[in-house]
1. Among residues belonging to region 216-230 that are open to solvent by less than 60 Å² (accessible area, probe 1.4 Å) and within 14 Å of the ligand (Cβ to nearest atom), point out the one that is nearest to Ala5 (Cα to Cα).
2. Please tell me if Tyr118 is within 16 Å of the ligand (Cβ to nearest atom) and free of Cβ contacts under 8 Å to residues at least 40 places away in the same chain.
3. State all residues of region 185-208 that are surrounded by fewer than 22 Cβ atoms within 10 Å (Cβ to Cβ) and in a loop (DSSP other than H, G, I, E, B); if no residue qualifies, say none.
4. If you scan region 22-34, which residues turn out to be open to solvent by less than 60 Å² (accessible area, probe 1.4 Å) and aliphatic (A, V, I, L, M)?
5. Run Pro61 past the list (1) at pLDDT 95 or above; (2) open to solvent by 50 Å² or more (accessible area, probe 1.4 Å) and report the number of the one that doesn't hold.
6. Out of all the residues in region 150-179, which are closer than 16 Å to Ile2 by Cβ and either within 16 Å of the ligand (Cβ to nearest atom) or surrounded by fewer than 19 Cβ atoms within 10 Å (Cβ to Cβ) (or both)?
7. Pairs under 8 Å by beta carbon, first residue of a type in the set (Phe, Trp, Tyr) in region 69-88, partner open to solvent by 10 Å² or more (accessible area, probe 1.4 Å) and part of a loop (DSSP other than H, G, I, E, B), six or more apart or different chains?
8. Counting only residues that are of a type outside the set (Ser, Thr, Tyr), more than 20 Å from Ala168 (Cβ to Cβ) and at pLDDT 95 or above, give me the helices (runs of 4 or more DSSP H) lying completely in region 81-149 with at least 1 of them.
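The values are calculated or read from the model by the stated rules, or taken from the named source; none is laboratory data. Everything numeric in this text was worked out from a predicted model, so none of it was measured. Don't worry about glycine lacking a Cβ; one is built from the backbone with ideal geometry, like all the others, and counts go over all protein chains shown. Quick note on the areas: whole protein, heavy atoms, side chains included, nothing else; ligands and nucleic acids left out. Shrake-Rupley method; radii C 1.70, N 1.55, O 1.52, S 1.80 Å.
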Amino acid sequence: MIYAANFKTNHTRQSTKNYIVELNEKLGVKKPEDSVYIFPPSSALDVYEGNFTLGTQNAYPAHNGAYTGEIGVEQLDEFGIKTILIGHSERREYMAETQEKVANKFSFFQEQGFEIIYCIGEPLAIREKGFESVMQYLLAQFDGIDINYDKLIVAYEPIWAIGTGRSATVEEISTTHRALKKAINDKPLLYGGSAKPENIKEITSITGVDGVLVGSASLDAGSFSEMVLS
Ligand code: PEP
């Protein structure tokens, strides 16, 4: 299983260091077949020791240059970071990342050989229209995306389940993952949306779920490590 922690705009450099110390202590006994990813805010990127992969929540598709407020490959290289989240619904919505922008970013980081956790998800209005509408909406988020990229991991994150405390049901996750797995040629597929210690076992037991992308419940090292060790 893959367990990925997305801190979003939470944690400082110091609290990230403390978090990693605690996580390392707790994850000493993690199953060797499980992988852990940590995505801290850009200001806390660094070289950390531990049994996990450090990734960036975002970067600009350039090595360096005049892109005020952004970081590029040069800044990620300093810390040996080769993993990136692309397409998160919060970036699509708040940073107005269109499918075209997301696809350009994907292509750039693919060319750089990055491992990409590519996020897709539908809003509640689409979920309420039924499964066919959901799949149509989700598949459109693969426009311009090379689903055969060997370092691709997909994260299905229904927007209405993110940060709301209300996870999708087992049935919703199961049917959506089954259909998505076919569409992405069986690439690793994570679920994201209010995954937490209380529901992690139920979620990771679903066929077609290869792991979880966790926001809120990942902010505490104790809660996140409990999920990893579940
Ligand atoms: C996310 O935003 O990737 C996420 C899954 O958040 P949460 O776990 O808080 O729903």
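1. Within region 216-230, the subset open to solvent by less than 60 Å² (accessible area, probe 1.4 Å) is 217-219, 221-225, 227-228, 230.
In the following step, the residues that additionally are within 14 Å of the ligand (Cβ to nearest atom) were identified as 217-219, 223-224, 227.
Values: Ala217: 8, Ser218: 5, Leu219: 8, Ser223: 11, Phe224: 8, Met227: 11 Å.
Only one residue tops the list, namely Ser218.
2. Yes; evaluated as a whole, the condition is true for this residue.
3. Matches in region 185-208: Asn185, Asp186, Lys187, Pro188, Lys196, Pro197, Glu198, Asn199, Ser205, Ile206, Thr207, Gly208.
4. Within region 22-34, Leu23, Leu27 meet the criteria.
5. (2)
6. Asp150, Lys151, Ile153, Val154, Ala155, Tyr156, Glu157, Ile173, His177
7. Phe79/Asp46; Phe79/Val47
8. Helices (runs of 4 or more DSSP H) meeting the threshold: 89-94, 99-111.
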